[in-house]
Structures are given as C-alpha cells and as structure tokens.
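Before I ask anything, let me first share the structure, which is written out below as structure tokens.
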Amino acid sequence: MDDLLNTALLGTARKPPPPVSDHPVDHLAAGQSEVAPERMLLLRAGAWSVYRTAGYVPAEVQDLPGAAPDESLPECSRRAAEILLRFLGDVPLALEAFERLRKAGRRVPFELLPRVLDLPNPNLRSAIAPVLGQRGRWLAQFNDAWRWGTAAAVSLSETLPTDAETIWQEGTPAQRREVLARLRAEDPARAREWLAAVWSKEKVDQRAEFLEAFRTGLGPGDEPMLEQALADRSARVKAIAATLLARLPDSGFATRMRHRADAMLLCEGPVRPGALTVRPPTELEKDWQRDGVVEKPPPGVGKRAWWLGQVIALVPPSHWQERFSAAPAALIEAAAADEFGLTLWEAWSRAAVEFGDSPWMEALWDAWYAWKPKKGQSAHVAQELFPFLFERMESSPAARRMARWLEKPNPALPVARSRVLGALGRPWSVELGRAYLAALAAQKPDRVRDHAAFYDWLATLPIAARRLPEQCFSEVLDPGSLPERAESALRSLFSSIGLPTWGSPEQSEYTIRAWRKAIDEFREVIRLRQEFAREVPVGC
C-alpha cells in the first residue's frame, strides 16, 4: 500500500505502479490487463482500502467509564433550543445566546451537546463552557476535538483549583492559559514565578499568550521579567512587553520613552497652531531598538515618522497635557501645522486607546471628523483608527458622535458605515442603538444620490440586527411605539426608494428587492432575539 501511495504522490509518469503481488487482494486486479495504469492504480488502492477496513478489529474496552454526574442546572426550553440551533452558525448570535443561558442559570439540552462541542470557533468556547452542564464536560473526554471542554472546570471555578500547579505543568495550552490568568488575579507574584520557570522552554505563541495574562494584576514587581521579554527574539512578545511596561509609570522603560518623546516634541510659548515643533531623530540608536522600536518602516512610511509614532504611542496622552499645560483639543490643533502632525495624531490615537484616555479619544475623533488632508497625505491609517476610537469610547459621547457621523460623514475620510458600526462592542448601548435607528429612519429617497451610499446603509442592517440592545427591539418590531421611528418611518427608506432617479428599470427593481430582503432579514433576526430573550428570562 505504501508503494501505491508513493506512485500516487509522484504520478504514474514518473514512478510506475509496483508489480502485482501474490496477495489475494492484488489478484482482484490481475485480470484487468487492458486498464490504463492510472485506473489500475486506483482500483488496487481501493481494493486494499476495503481489505484493511474490513479487517479492522476495534480495541477492547477494559473498564467502562463512569456515568456522567447529575446535572445541577436545568436545561433551556424546547423553543429556546430550537432558536439556539438556528444561531449556532452565526457567531454573534450564538455568543449572545450562550451568555444569556449562563446568566439565566440554564444549560444546553443533551441532544445539542455534540453540535455545540463541535463548534470550531475558539471565541465561542469561553461562553459555551458554563452552559455545557455536567454531561457536556463528561462527553468532552471521549473525543480529542472536544478536549477543550475539559478546561471548563477551570474556567468556571471562582477560585484557583486545588490541582492548579498540576494543570499548569501538564494541562492543555487552553487550560494552562486559564489557570495562569486565574492565578494572576489571586497571586500575581506566584504566577510570575510559574512563567519564569518555563519561559525559555515555551514556544513563541505560548510565550506571547502567557504574557498577555500579565495585564491582570500588573505591578512594579513584573518589571524585571518584562524587561527580559524585551530582548525576546519574537517581535510579538517584545511588543506585548513594551505595552505592559509603558503601563507602569515608574518603570525604567516608561521613563525612557517619556524622555525620548520629550526630546522630539517642543513648544515655544503657549500652545497654539504652529507653536508645536516635532523633531524625530535622523538615526535610530541601539538602545531604542533594544526597547522594541522597530527600525525598518512598512512600505510608504518614512523612517523618521515611523520611529516617532512608535515612541509617542507608548506615552500616556495625559503626559502632554501636564507638560504643556494645554487641553487635548488645543494640542491636537497645534500639531496639525507640523509636517509630522498627522503622524502625531495617529500615535496619539493609538495611545489614547491603549491608556483608556476618554477625553483624548473624544478630542481625536472630533479632529479626524473635521480633517481635511493636505497634498500628499493619505487617509489609510485614519480609516483604521477611526473605528478603533469609536469602539473604545464611552457610550454617551460615542452615541452623540455616531448620530453626527451617520448623518454627515467626512468625505475626506471614506470609511464605510458598516466598518465603523461593526467595530463597536456587542451589544450596543441604548444610546448607540437609538442613535442608529434615528439616523436610519431619517434617510429619505431623495437623499440617496449613488449606489455606494445606498448599499453602505444596506450593509449596516445585518450588523445592527445582531448588536441592537433589547430596549430597542420594540422600536423595530412594534408599529407605533415611537412615531418618528415606527414601522412606517423605518420602511420609508426601503419601500419609498422604489423610484430612484438613477440606474435602469432593471437596476431599480433589483435594488428594491435587495432592500426588502434586507429589512425582512433584519426584522427576523430581531424577532428571534426577542423570542429567545422571552424564553430565557434573566434576573427573574
């Protein structure tokens, strides 16, 4: 059989099939002398495959496994299980359903356990673990593809398991990450000792994922190990270590970065447009590289701008307020006049998100919203950062800005509505949900001037259907709940658009059908989410 496989891999033109042996299986093909070599090869391989399968003897089970423990959670209703089955192929809906089951103290029905354990998406597994029940965790031990379910006991425990150190030494990667994260919450120093003992033996991906756990319980005692990680051969590990060290304001790394940044940003007199001067280095010093500053820029980015951006992104934006005694908006405006001003905006945007500085996020969003590029400036990075700022902004200021942006986007910053809305958290806040519905209902046929804007709104519907909060369901499903945004107002964008002033009649008809289909699907998802919420009440 191995010779047949080798021939199949190399091709019969390069390696002739092996001679027919005396084995009875080969005798089946012996009389097929007129058959082409390729077909003969397949016939012989098929005969051997059937022969080996027919001769397979299952292993004997010496000891039957014990029965699954009794369940402590009731299963969800039949109707909830039917809806859950429909949601399994849709990650946002499945994630919401599993989280709701957990909050309601319900579990997945027995008959759905194989389907749920087979779900390949790792982002779902932490949500699935609490609702597997005892039988789900018991089943997981019998299938290698389900082994992730055995880590559920660790993730569900509110305290560190008694065999935590054994799990750390012998567990699966997922179990080890979970138990290290749990230990970081309880005893950061001990978790650091665990990781230090195995650091040199771990693979790159594992080192990076374990180091991410240090975001919990981060303190001055972590500095020596993080400094060591700065010298790691993996760029990913170095980047994580740099980010964590920057969060320790008194660390040597944070101090070095502030000194470098201060040498590059100068201001003559009070902060005003044109007063802020940016002076990146002309050569990259070795100690900068040792601290994780990457020397070679990506295509299209100048070296000096690249080095500047990396350093500024690791300095808390509040540092500049203290140094220059100016508000974020004034500093942003002052930077705009410099040739490196756009690089500074980009770096400040990343820093504002990294350090969770809400006033800076709001001021930077306002600046990008009003931005008009100068000759030679590209909006590529801005298009990446714009959704990023929205995602991390607090709900109330984000809702106000979303309403403004949905109504009138910045033409110099061509970011699709669907891209920004897709970056926002799940579910949206009530303010965000109502801002979206108000902007959607305000659209009128005579305001849609081209296909791009038309289909941009179309693409937002599946996103909104999965992110609108429960408090907004009635505004979509119940006619007359809010006069301005009731069923008739919502459908004005879809049914009244039936007479567009552009495109052929065929195009117009296709567009009408597309919108009707989209709104029907939008309302169906909302209806199913509402029904699931009724079937699985939380807090009752």
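The values are calculated or read from the model by the stated rules, or taken from the named source; none is laboratory data. These figures come from a predicted structure and were not determined experimentally. As a convention, Cβ positions derive from the backbone with ideal geometry for all residues, glycine included, and neighbour counts pool all protein chains shown. Note: accessible area is taken over every heavy atom of the protein model, side chains too, but ligands, DNA and RNA are not part of it. Shrake-Rupley method; radii C 1.70, N 1.55, O 1.52, S 1.80 Å.
Under the rule a/c < 1.5 gives rounded, and otherwise a/b versus b/c splits prolate from oblate, where does segment 333-413 land using the Cα gyration tensor?
oblate
Could you go through segment 226-235 in sequence order and give the Karplus-derived ³J(HN,Hα) for each residue, using 6.51 cos²θ - 1.76 cosθ + 1.60 with θ = phi - 60°, rounded to whole Hz, and x for Gly and Pro?
Once θ is set to phi - 60°, the couplings for segment 226-235 become 5, 4, 5, 5, 4, 8, 5, 6, 8, 5 Hz.
Out of residues 5 or more away from Leu265 or on other chains, whose amide H comes under 5 Å of its own, with H placed 1.01 Å from N in the peptide plane?
Counting only residues 5 or more places away or on other chains, the set is Arg279.
Compute the separation of the alpha-carbon centres of segment 324-387 and segment 195-219 and state it in Å as a whole number.
33
Apply 1/(1 + (r/R0)^6) to the Cβ-Cβ distance of Leu266 and Asp118, taking R0 = 60 Å, and write down the FRET efficiency to the nearest 0.05.
Computed FRET efficiency for Leu266 and Asp118 comes out at 0.50.
Probe radius 1.4 Å, ligands and nucleic acids ignored: give me the carbon and sulfur share of the accessible area of segment 164-229 as a rounded percent.
Accessible surface attributable to carbon and sulfur in segment 164-229 totals 48 percent.
Using the Cα gyration tensor of segment 211-295, with a ≥ b ≥ c the square roots of its eigenvalues, what is the shape: rounded (a/c below 1.5), prolate (a/b larger than b/c) or oblate (neither)?
Cα axes put segment 211-295 in the prolate bin.
Another one. What order, most packed first, do the peptides 232-240, 460-468 have when packing is the mean number of other Cβ atoms within 10 Å of each residue?
Per-residue mean Cβ counts within 10 Å order the peptides as 460-468, 232-240.
What value, in deg cm²/dmol to 500, does the helix sum -39500 (n - 2.57) over DSSP H runs of n ≥ 4 give at 222 nm once divided by the residues of the chain?
So the calculated ellipticity at 222 nm is -17500 deg cm²/dmol.
Output the peptides 335-343, 409-417 sorted from most to least packed, where packing is the average of other Cβ atoms within 10 Å over each peptide's residues.
335-343, 409-417
Return the label of the correct value of mean projected area of the Cα convex hull in nm², as calculated from the structure shown, out of [x] 37.9; [y] 28.5; [z] 27.0.
After the calculation, the listed value that fits is [x].
Got a sec to turn the phi values of segment 404-420 into Karplus ³J(HN,Hα) couplings, 6.51 cos²θ - 1.76 cosθ + 1.60 with θ = phi - 60°, whole Hz, x for Gly and Pro?
Ordered by residue, 3J(HN,Hα) equals 5, 6, 4, 6, 8, x, 7, x, 7, 10, x, 9, 4, 4, 5, 5, 5 Hz.
Within the chain, count lysine pairs with alpha carbon atoms under 30 angstrom apart where the residues are 8 or more positions apart or belong to different chains.
Lysine pairs, 8 or more places apart or on different chains, close enough: 24.
Quick check: from the Cα gyration tensor, does segment 156-198 come out rounded (a/c under 1.5), prolate or oblate?
Oblate, since a/c reaches 1.5 and b/c is not below a/b.
Shifting gears a bit: Using DSSP to define loop residues, name the GluC sites (Glu not before Pro) in segment 375-443 whose beta-carbon has at most 14 other beta-carbon atoms within 10 Å.
Qualifying residues, ordered by number: Glu394.
Which whole-angstrom value gives the distance between the alpha carbon centres of segment 38-104 and segment 129-148?
Between the Cα centre of segment 38-104 and that of segment 129-148, the gap is 11 Å.
Please list 3J(HN,Hα) in residue order for segment 188-203, calculated via the Karplus relation 6.51 cos²θ - 1.76 cosθ + 1.60 where θ = phi - 60°; whole Hz, with x for glycine and proline.
x, 5, 5, 4, 5, 5, 4, 5, 4, 5, 10, 3, 5, 9, 7, 6
Here's something else I'd like to know. Filter the chymotrypsin sites (Phe, Trp or Tyr not before Pro) in segment 1-100 down to the DSSP loop ones having no more than 15 other Cβ atoms within 10 Å, then list what survives.
Of the chymotrypsin sites (Phe, Trp or Tyr not before Pro), the ones in loops of segment 1-100 whose Cβ has at most 15 other Cβ atoms within 10 Å are Tyr56.
In Å², and per residue, what accessible area does the chain have when probed at 1.4 Å with the other protein chains present?
With all protein chains present, the chain gives 51 Å² per residue.
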